[in-house]
Structures are given as C-alpha cells and as structure tokens.
C-alpha cells in the first residue's frame, strides 16, 4: 500500500462528525480533498473506445475543458434517460426525504460528509431535474428545491458520484426501494457524455475491449499465467493438472475475473478452481478472448456494459460449449445475473446447465445459462462428489464478507456459506447488521479502488473493517473470505489499516486446501505455502 | 428557514380562505367550486403521473434482493425478500405498502470513538410514527364517510364506536384524531431536531406536514371546541355529491378553513412528493421477481453496439497466439 507523505492514522480518521454544518447544502462550496477523489480518464483510452471529449485534464484543474455545449448535452442526456429508465424517472419523483437512508452509506459513516447521505447524493441530481424538468422547479427555483446546472454542479457530481460504490445498501432501507446505484449510474453516464470519467474505470474498460481483460493481458501471456498456476497446483498436490485454453467442443466455458490469474490473494482461489476441476474431471475450457468476467463498463454506462459483456456469449457460441460457469466475483455477477441475458441474449445456442458430475439441472440459470462456481461447488459437496478434509484449514479462523452485488442483486447468501462450512472448521459470522443484505461495501467498489483515492477507501471501508475487528477480537478471526475480485484486491490494505493480523482470501482457496485429490502427496503447507496446523504441531513436538 | 417559508405558505392559505369567506362572502367559491376543482385536479393529476411513469420502460431486471435466491432445491429460498414468483412479489409489495417493511429495518449508527467501535442500534420510531400517521389518517378518512353517505353504513358506525372506545369527554374523543395529530407533530419535530434530516429538508417537506397538521387541527377544533352546524355541513356535502350544490348559510369559518386546506392538499398531492403513495407500486427494485437468470427480461430499446469481435481480436494477436501454441481460426 502506498501511503502519502503524511500517513493516515486510524485514530484521526475515526474523528468523524455526523452533524452537518448550519449552512444549507446548496451553499456549501465543493472541497475536493486530496486522497478522496480519482484521477481523470486517460485520453488514449477514451479515444480507443470512441468516447466523447478525450483530453488532458485533472479534477483539480480550474478549467475542465468541457465541450462548449456541455449544458445542452447534459440536459439532453437527462431527458433521454428519463424516457428510457423508469427507475430514474420514478426515483427523481418519489423521495420524501424521510432520512432512513442517511446513515446507511459506508461513505457517510466513514466520513460524516452530509453529501454522502444517499438522499443528498440523489438530491445533487434531483435538484437539477426539478429545475429543468418540473413545473414547480421552473417556477419557484430554489424554493422548490431546484438549482441551476453550472460547472460547479458538474464538479460536485464528479466528486460525489465517484464516491458512491453502487453497493445498493441504501435501497434495502428505503421505503420505496429508491436505489442510489441507479442514480449514480445515470449520473456517471451523463458525466461520461462530456468526458468526465475516471481512469480507474476507463483504462480497464479500454484494455478489456482490446485484449479481452481489464489488465490488458494478451493471449500468449494469458496462457502463460494459467499454465504457471497449473504447474504450481501440480507441485502442491503432486497431481498433474493440465487446463485447456480456447478449446472447441469443451462442455463448459469457464469465465472468471482477470485478477484471479494476476492478483494476490486471488491467485490462491485460481489454484482452487484448477484443482477442483481436475479432480472431478470437468470437460471445460478457458478462453483468452473472454478472459474477463468482470465488467468495468458497468461503472461507465449501460452501453459500455453491453460492449464488454458481448464477448462471453460470442465466445461460448464460437467454442460450441453447452453452458458457462463463472468464478468468484461481485459486480461480474450483478452483470451476469441482472444484465447479460437482456443485453446480449437470448443464449438459445446454449443448453440449460446440467452438472456433468451430479446431474443437477440448474433451473435458476435456465435462460442465462451461466452458473456461479459456489452454486456448482455446493451442489458437488451436497452430493458427496468430492472428498474434503476441513482440518487442513484449521490454521484459519474464518469469517465471510458478503460482497454487495451477489448479496443485494442476487440474494446469494447460503451457497457460499454452505461451501465454507464444509471446507473449514472455524467459521464465525460478523454482527448481523453488517452481513447478508445489510452487508457493507469494501469501500472501493465500482472502480474506486485506486491509490490516489486511498483516504476515501479507508473511510468507506470503515464499517466493514470495524465488523471484522469485532470478530477478530472476539473469536481470533484471521481470515476474511469473500467472493469478489475487487474485495480481494482492496480488503488487504483495508485490513492492514484497520485490523492488522487479518488476511483476505477466496472461498475456493479454502476448497483448494481441503480438497483431497486422488493420488495426491501429503500436504504439509497450504496453497500459500503456510504450514498446516497439524504439520506445525508435529514439528513442535520434535 | 425552509420551515419559515412553509409556515408563510400556510398562513397565506388560512388568510385567503378567511378573507374570502368572512369579508368577501365567497361561499360558493370555497364551498363548491374549489372542492370540485380540487377533486378534478387530484384524479387527473394522479392518473397523469402514473401513466407518465408507466410509459417509461423498465429496461433491466433490477430487484434489490433482501433474502436468499431460489437456486438449488435444498437451499431454502426466501419468497418474501427475494421473490421467485408473482405471489412472492405481491406479498413483498403488500408488506411494503401495508407494513412499511423496509422502514422497519431502520437502524441508527453509533460511533464509539474511544472503543473504536461502530454499533447499529434499533431505530423503530420513524417506522412507528409513519405507520401511526398513515393508518390513523386512513381511519379518519373512512370515518368521514358519514358525511358522504345517507343512510350511514353500519360499519362506519362500528368504526366510530371503536375509535371512541374509551368514551372520554363530550363529544367522545376519537383516538385516531389524537394519534394523527401526535404522529404528525412527531414527524415535524423529528425533521427539526435531527440535524441530518433538517439538513436534507426542503420547504416542500415541511409544507406537506404543516398542511396535514392544519387539516387535523382544524378538524379537531371543529369537533370539540368551535362547533359548527353538522347538519348543514352534511347538507352541503350531499349536495356536492348529487351534483346539486347548494351552500347552507351559517356553517362557520372553521369549516371553510378545514375544507380549503383539504382542497389544497388533494390538489397539491399529484405534483408533490406525496405521490409516493402511487409511485411505490411501480418501484422496479421492489416489484420484480428475482428470477433474472431463469427467465429472460426484454429491454424494448436494446440497440446494437460496437463490439470487438473475435475475428478482430485474433487478427491483432494471431502471430503471438500461434507462437504460444494457441489454436487460431485462420492461419
């Protein structure tokens, strides 16, 4: 983790004032605090993707070099979207400002900035909606909660709509189900129309469009990565593991976020997939073209979402597979579950997924034809198709972080827990107001997980970290598991900052440790190379 | 400040009706014309709003899931919080509309800096006050049917008896009237006392509460303190209903204030945040099943986009792929 010269200290960050200033929010000038915003989207990626207004600029500049008719573009864009998304139109109209959402946002809890209250975040946009799209707003202006659209407002939008991780927690508590994620998505689409986007979203999107994955890994390097991991898995287990890539005629296409084969601790989860698929003899293939399950288009626009997602079905069709299996990822699963079929379907060239091992028909994926790895694995376990030795995870005391998207956009609660409980002996839940549908974001989702934004991330991640701290102190928890690639990348620095002594890992990393493979050598270390508890005790006795 | 604007608005309303009735003697305007106009605005306004919303498509299937999805048969799915069929959606919406399910989840964050701990305490007052307000308002409304019906239906008599069950005072105090005023007062005070809620409050937020409070208080005044001739009131109302409007003389100002505020409320309703009543039914995060992978959802405006095809991709990387031994479509 790269800390700035003046390193943040937890005690300082914890001095949070929840009482807003006396002056009304429309009169509060924007203060972009260093460490709490992301840098601008690189012009070359905008150009590559054909997005508007590529230029050199930074959010700290006085002049953002907006197109001359920027105001017209934004208002036209709003009008267009108000006619296309019922959610947007409705959520602009029906909020009663009851304040139930106010203290539900992790960014508000961690910063106390009143514009991080979901209701006020939405009002940033709603006030402009009222001014230009409602009679009361046109007539009474400020008295009706309306305000003019100015460059200041654009800057405020940029700051606060890139300080929302689209986690949907507020929508759980809203009596009308108003989902700030929808509003943030609209605001980001609008900002995108005049070229105000962030690099942490645009660069991965650009790379993904070109190479097939966010990290920009070209096919030969992709092959190297997978083969390297397979070699390592072979070495750990003593069983020869040989995955295939771009193989036509395989039964299943496996798609996972690129961080799994390039990041740590994601990598250990990748070892788990490779070992599991080998052990059950799965007829599957990787794809170097569809080498990304994640989709940073979701954090840019519905159009970019569709453009990046298209390759999954296209590749499944080209390779002639029967169905698709997806790895551990958060926002990827929002896309697969709620968008893919609508955007790029119907997938009528695929079959309703059936597990070749258990014969289970995944009716819940009958149309989209894509199954979550935890659904797949829990079905294997339930049917006793794999041999597990949970004691190989005894050195871990485990808790589980529900990732926002699988939780609140899928209802994915029991499958991961079932797998965890079968592969380890020490599992402890965090307090109930911080898990399942109430789960707190890692603070870095929706493309905000970048270094220049570190203070915002540590603040936004505070509620999650604080709940981990509770089980760390109470139960000695030392492993925070999750099923999201962004979590795996951003929770480690969060833990280092708030709860030192807690590692982060994926569920299939635990599966990798527990999986007893045919012909395997005796394991003395886990997939991280850490000695197993049994081995440790043994060596202690010598 | 925003409260002051709303108070001023209320004062203007009361002044207008007082001067209009007492000084100018515009009984027909306030007793006949405005009520008809207000009802017309209310009905057409609501229809207009709902049709406007309904005309906008729901391009994506985006329910907020608050419970376990339906997946493997041995995992218990939660049809209420993550509905997998229409029955589940109806039940979820019913809970939301009739019991304010989501508001019931409300918690209050408490940061204990010294212990470095955050706790989320139960916070049901908003839910309780909202429920108390809406239901007492409903009962009061139904009770008012005795002015609109001849003969008064049996059930309304029972409702009145229940509402006045404790038989306190003469005339008997209706509990719902008291609860209504108390709940509104709480909601208003909460808006002022909680700095966060005060910060987000617009003049319109205070205005809606003040208007409702004005209606409740003028009603209470009329029933218990500044009596009006109820027989004549009913004569007026029945005349309106039969479209043979006549304004009996000598009803009393307080009635006209009450009636005018009600007219203001219902005319204001469709164009204010009060339309949440109708809007909640259309909320796509609540009224859709969580079956997004089971059944395809069609977006009526889905359009083709520029994608990076496999062929384009292979063209760029073919040499590297061949060198690495990856299969290619074209040599």
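The values are calculated or read from the model by the stated rules, or taken from the named source; none is laboratory data. Because the structure is predicted, anything quoted here is derived from the model rather than measured. Don't worry about glycine lacking a Cβ; one is built from the backbone with ideal geometry, like all the others, and counts go over all protein chains shown.
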For residue A:341, the lone unmet condition from (1) facing chain B (nearest Cβ under 9 Å); (2) surrounded by 24 or more Cβ atoms within 10 Å (Cβ to Cβ); (3) farther than 18 Å from residue B:294 by Cβ is (3)
Where residue A:33 falls short, out of the listed (1) outside any helix (DSSP H, G or I); (2) farther than 17 Å from residue B:202 by Cβ; (3) at pLDDT 95 or above: (3)
Would the range A:232-243 turn up any residue that is over 24 Å from residue A:520 (Cα atoms), in contact (Cβ under 8 Å) with a residue 12 or more places away in the chain and in contact with a helix residue (DSSP H, G or I) (Cβ under 8 Å, 6 or more places away or on another chain)? no
Residues in the range A:361-401 that are in a loop (DSSP other than H, G, I, E, B), more than 7 Å from chain B (Cβ to nearest Cβ) and free of Cβ contacts under 8 Å to residues at least 60 places away in the same chain total 4
If you go through the range A:36-51 one residue at a time, how many are within 14 Å of chain B (Cβ to nearest Cβ) and in a loop (DSSP other than H, G, I, E, B)? 2
Scan of the range B:22-43 for residues that are away from chain A (no Cβ under 14 Å), over 30 Å from residue B:101 (Cα atoms), touching a residue at least 60 places away in the same chain (Cβ under 8 Å) and touching a helix residue (DSSP H, G or I) at 6+ places or on another chain (Cβ under 8 Å), ordered by number: B:22, B:27, B:30, B:31, B:32, B:34, B:35, B:36, B:37, B:38, B:39
Wholly within the range A:137-195, which helices (runs of 4 or more DSSP H) include no fewer than the required count, namely at least 2 residues that are away from chain B (no Cβ under 14 Å) and within 19 Å of residue A:70 (Cα to Cα)? A:151-161, A:180-193
Would you confirm whether or not the range A:120-134 contains a residue that is over 15 Å from residue A:32 (Cα atoms), within 10 Å of chain B (Cβ to nearest Cβ), under 23 Å from the mean Cα position of the chain (by Cα) and part of a loop (DSSP other than H, G, I, E, B)? no
Please enumerate the residues belonging to the range A:210-232 that are assigned to a helix (DSSP H, G or I) and buried (at least 24 other Cβ atoms within 10 Å of the Cβ). A:211, A:219, A:222
Which of the residues belonging to the range B:292-317 are within 36 Å of the chain's Cα centre (by Cα) and more than 8 Å from chain A (Cβ to nearest Cβ)? B:300, B:303
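Determine which member of the set B:320, B:232 is without any contact (Cβ under 8 Å) to a residue 24 or more places away in the chain and more than 14 Å from every other protein chain (Cβ to nearest Cβ).
B:232
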In this structure, is residue B:328 under 30 Å from residue A:218 (Cβ atoms), at pLDDT 95 or above and at the interface with chain A (Cβ under 7 Å from one of its Cβ atoms)? no
Identify, please: which residue in the range B:78-94 is free of Cβ contacts under 8 Å to residues at least 40 places away in the same chain and either closer than 19 Å to residue A:95 by Cα or facing another protein chain (nearest Cβ under 8 Å) (or both) and is, among those, nearest to the chain's Cα centre (by Cα)? B:81
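Quick grid of which residues meet (1) at the interface with chain B (Cβ under 10 Å from one of its Cβ atoms); (2) in contact with a helix residue (DSSP H, G or I) (Cβ under 8 Å, 6 or more places away or on another chain):
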| position | (1), (2) |
| --- | --- |
| A:265 | no, yes |
| A:277 | no, no |
| A:310 | yes, yes |
| A:345 | yes, yes |
| A:349 | no, yes |
Is it the case that residue B:50 is free of Cβ contacts under 8 Å to residues at least 24 places away in the same chain, in contact with a helix residue (DSSP H, G or I) (Cβ under 6 Å, 6 or more places away or on another chain), within 14 Å of chain A (Cβ to nearest Cβ) and closer than 30 Å to residue B:301 by Cβ? no
Can residue A:448 be described as assigned to a loop (DSSP other than H, G, I, E, B) and modelled with pLDDT of 95 or more? yes
It is to be established whether one or more residues within the range A:112-119 are surrounded by 20 or more Cβ atoms within 10 Å (Cβ to Cβ), closer than 20 Å to residue B:62 by Cβ and at the interface with another protein chain (Cβ under 9 Å from one of its Cβ atoms). yes
Being in the same structural domain as residue A:510 (by TED's automatic domain parsing) and on the phi > 0 side of the Ramachandran plot narrows it down to one residue among A:330, A:345, A:281, A:293; which is it? A:281
State the number of residues belonging to the range A:57-72 that are under 30 Å from the mean Cα position of the chain (by Cα) and part of a helix (DSSP H, G or I). 0
Conditions (1) touching a residue at least 24 places away in the same chain (Cβ under 8 Å); (2) within 20 Å of the chain's Cα centre (by Cα); (3) away from every other protein chain (no Cβ under 14 Å): number failed by residue B:174: (2)
